[in-house]
Amino acid sequence: MDIEAFAHAIGHRYAQPELLRRALTHRSYGASNNERLEFLGDSVVNCVVALELYHKFPVLPEGELSRLRANLVNQQSLAAIAQQFGLGARLRLGEGEQRSGGARRPSILADAVEALVGAAFLDGGFEAARSV
């Protein structure tokens, strides 16, 4: 699957394809990597999920909404999403990470999902990030 097809599969056509490439680049690969996008994407993912829960459960109190969000937004669930899209095969990893199975490591996969959302946010705003 080429990068354009992958972008379509995750729900956003990047006007700035370099953002997508950076989102798929682990720090072990080089200096231009996905760590800052991951930082941004973490907050955006939490916001998107919080908004969905807020609308879906209009009578739940804050504490229960927070628990639901925490159950949905965690390393395990984000890594599972990454696996559904074959994200590990798309990641650019340094040689050491490749040899040690980094493309299957849940922490790396979850971080990459957050980076993809952060990249979509920068590329197209909140709705683009929400679609991813």
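Subtracting the Cα-Cα distance from 0.36 nm times the residue separation, let me have the gained length for Asn46 to Asp2 in nm, one decimal.
Roughly 13.0 nm would be gained on extension.
Could you list which residues have their amide H under 5 Å from that of Arg92, counting only those 5 or more apart in sequence or on another chain, with H placed in the peptide plane?
Thr25, His26
What whole number of Å gives the distance from the Cα centroid of the range 54-132 to the Cα centroid of the range 1-46?
11 Å
Which whole DSSP H helices in the chain pass both tests: a Cα extent of 24 Å or more along the axis and a mean Kyte-Doolittle value no lower than -0.5?
35-56, 106-124
Just order 41-48, 2-9, 124-131 by mean Cβ neighbour count inside 10 Å, highest at the front, would you? Please list the in-between numbers first.
Values: 41-48: 19.5, 2-9: 12.8, 124-131: 16.2.
Top to bottom by mean Cβ count within 10 Å: 41-48, 124-131, 2-9.
Counting each DSSP H run of 4 or more residues in the chain as -39500 (n - 2.57), what helix-only mean residue ellipticity at 222 nm follows after dividing by all residues, to the nearest 500 deg cm²/dmol?
-20500 deg cm²/dmol
If you wrap a convex hull around the alpha carbons of the range 1-78, what volume per residue comes out, as a whole number of Å³?
120 Å³
Would you indicate which of [x] 53, 33, 26; [y] 49, 32, 25; [z] 35, 34, 26 is the value of Cα extents along the principal axes in Å derived from the coordinates of this structure?
[y]
With 5 Å bins from zero, work out the P(r) of the range 76-127 over every alpha carbon pair and list the percent per bin.
5, 22, 28, 20, 16, 6, 2, 1
Keeping every protein chain in place, order Ile81, Ile10 by accessible area at 1.4 Å, biggest value first, i.e. largest first. Don't jump to the answer; show the numbers that get you there.
Details: Ile81 70, Ile10 15 Å².
Order by accessible area, largest first: Ile81, Ile10.
The values are calculated or read from the model by the stated rules, or taken from the named source; none is laboratory data. A quick note: this is a predicted structure, and the numbers were derived from the prediction, not measured. Because the Cβ atoms are built from the backbone with ideal geometry, glycine has one as well, and the counts that use them run over all protein chains shown. Just so you know, the surface numbers come from the protein's heavy atoms only, side chains and all, with ligands and any DNA or RNA stripped out. Shrake-Rupley method; radii C 1.70, N 1.55, O 1.52, S 1.80 Å.
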